[in-house]
1. For segment 254-315, evaluate the Debye formula with one uniform point scatterer on each Cα (no solvent term) and list log10 I(q)/I(0) at q = 0.13, 0.24, 0.25, 0.27 Å⁻¹, rounded to two decimals.
2. Is it possible to state the helix-based mean residue ellipticity at 222 nm for the chain, with each DSSP H run of 4+ residues giving -39500 (n - 2.57), the sum divided by total residues, to the nearest 500 deg cm²/dmol? What is it?
3. Is there a quick way to get the dipole size of segment 23-105? I mean about its Cα centre, with the Cβ of Lys and Arg at +1 and of Asp and Glu at -1; what is the value in debye to the nearest 20?
4. In Å², what does the accessible area per residue of segment 87-159 work out to with a 1.4 Å probe?
5. Test of understanding: express the Cα radius of gyration of segment 114-198 as a ratio to 2.2 N^0.38 Å, with N the residue count.
6. Mind jotting down the three principal axis lengths of segment 307-368 based on Cα atoms? Whole angstrom, largest first.
7. Are there trypsin sites (Lys or Arg not before Pro) in segment 256-292 that DSSP marks as loop and that have at most 14 other Cβ atoms within 10 Å, and which are they?
8. Measure nothing fancy, just the Cα-based angle from helix 350-363's long axis to the longest principal axis of the chain, in degrees from 0 to 90, nearest 10.
Amino acid sequence: MQNQALTQLVICGGGTAGWMSAAALSKMLQGRVQITLVESEEIGIVGVGEATIPMIRRFNQALEIDEDAFVKATQGTYKLGIEFVNWGRRGERYMHGFGRFGPELWGLPFEQYWQKLYQAGKARDLGDYMVTRVAAYRHRFMRARPDLQGSPLADMQSAFHFDASLYARFLRQYAEARGVRRVEGKVLRAERRGEGRHPDHIAALLMEDGRRVEGEFFVDCSGFRGLLIEQELKTGYDSWTDLLPCDRALAVPCASVESITPYTRATAHQAGWQWRIPLQHRTGNGHVYCSRYISDDEATAVLLANLDGEALADPRPLKFVTGMRRKVWNQNVVAIGLASGFMEPLESTSIHLIQTAIQRLVDFFPSRAFEPADIEEFNRQARWEWERIRDFIVLHYHLNQRDDSAFWKACAAMPVPATLKHRIALYESHGRIVRDGAELFAEVGWVQVLHGQNARARGYHPLVDLVPEEDIQAYLDNVQGVVAKCADFMPGHDAFLAEHCAAPR
Ligand SMILES: Cc1cc2nc3c(=O)[nH]c(=O)nc-3n(C[C@H](O)[C@H](O)[C@H](O)COP(=O)(O)OP(=O)(O)OC[C@H]3O[C@@H](n4cnc5c(N)ncnc54)[C@H](O)[C@@H]3O)c2cc1C
């Protein structure tokens, strides 16, 4: 069989998606494919303060990135979870912490035992049984210590907050050191092959100054505009605004406060919500809102009235339509990042979706034949992954009891996918959580958000009754005691940053 290997890959765009793709592919493909990245400094990147989830550690490990160097270079901080304020009812708060509760007992998860005692008024708040949630509220942090076998600290989960522009710069250095060629300039349009086996394939990017950047395979990381996947290939877009109606955001950095919180905060307002992402040199903030329910001026006023410190710039407006491309791989173009779709950052999933798209791209890396079955499977897996995350985000909006605004009432009343309804019903009967295959959010994530949004189980797993109640009580008390001691043992988050990864001021 003839050698069918591709040798030229072109990445269009150098934001988070472009440089993550360039860095990972330069490492994974080990120089066997020539990678060129085209970006325009004049156009710039979205680059709002970014929050991540623990899976980013796998990306860093695969690339053998030194964690201290990465946190320093990106003004990064650590993240143990996301605090949700005003989401069930106004004045309420809960945290979706990373990691797990206590260990399983006789084959059932901790949450089931907790359900029984909680319903009897004999258990503490769910958060008191998770080390990341307790540590986060006490502003404490340390990395997992695998040597502490049996302790929750052995596999404690954490992620990062970082400055997206600095992250792109950091990955650019990494990728260029591994042979990625960078081309500066504006792409005007694409040129099709016009002949041969794949006449509709893109053959080259045509630059504003007349240059041509040729490739066999293109990764579209051009952001919302989807230069190749949409403007050139007219792939089409599925909007999910009936489920996630927010369509605008305003982003603004502000001066940081003294103690840097090791968690993201998402505060619900009258027609949307505000993120707060603490970095070492500043705090990133943004108001995600629905323009049908609040004007841009009102949204700006809400944002500015809810900052920790002085605003360091004018709020930057962004418009979006939540949803995804009909196909994220079309012809010889794979879209990654905002070019592939938009999921609002409520659970900090966009960078994760970039990461999994890159892995999927490697798994289904095409030969010159561009087998349709590979492309179809790539698209099927991407859609499945996005839709599961979408439903988890919809849960936060739908399961609210707020009666103070038309927006929240509409979210509570909106029809939601049958699969989500089914999950809520399963929880409300016996506190059961069923993870759908290998979907991103596990049982422990679902239970925190379901309970945090005030879904209440009427019962619990019947097999819990096989364990005497005093044993369950002792088990819960033990978990809570261990968790509290672990939090005592950890240094403060500020002290940890100062010792290991203080960024230049
Ligand atoms: C309001 C908001 C908040 C977010 N918060 C988070 C968060 O907390 N956590 C998270 O995981 N994700 C978050 N995201 C998503 C995250 O910002 C993006 O997924 C990520 O930045 C990837 O962006 P991108 O690289 O796809 O696009 P961009 O950053 O827009 O980059 C596009 C690139 O394409 C280039 N380009 C475009 N057109 C041309 C052209 N004609 N010629 C040459 N180059 C071109 C640009 O120069 C740029 O380099 C958020 C997104 C938004 C909108």
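The values are calculated or read from the model by the stated rules, or taken from the named source; none is laboratory data. Remember, it's a predicted structure, so these values are computed and weren't measured experimentally. Ideal geometry is used to build each Cβ from the backbone, glycine not excepted, and the neighbour counts take in all protein chains shown. Keep in mind that these areas ignore ligands, DNA and RNA; they rest on the heavy atoms of the full protein, side chains included. Shrake-Rupley method; radii C 1.70, N 1.55, O 1.52, S 1.80 Å.
1. Scattering profile of segment 254-315, log10 relative to I(0): -0.33, -0.98, -1.04, -1.16.
2. My calculation for the chain gives -10500 deg cm²/dmol from helical runs alone.
3. 400 debye
4. 45 Å²
5. Details: Rg = 24.8 Å, N = 85, 2.2 N^0.38 = 11.9 Å.
In units of the 2.2 N^0.38 Å rule of thumb, it is 2.09.
6. That gives 54, 20, 19 Å along the principal axes, largest extent first.
7. Numbers: sites: ARG265, ARG276, ARG282, ARG292; in loops: ARG282, ARG292.
Answer in residue order: ARG292.
8. 60 degrees
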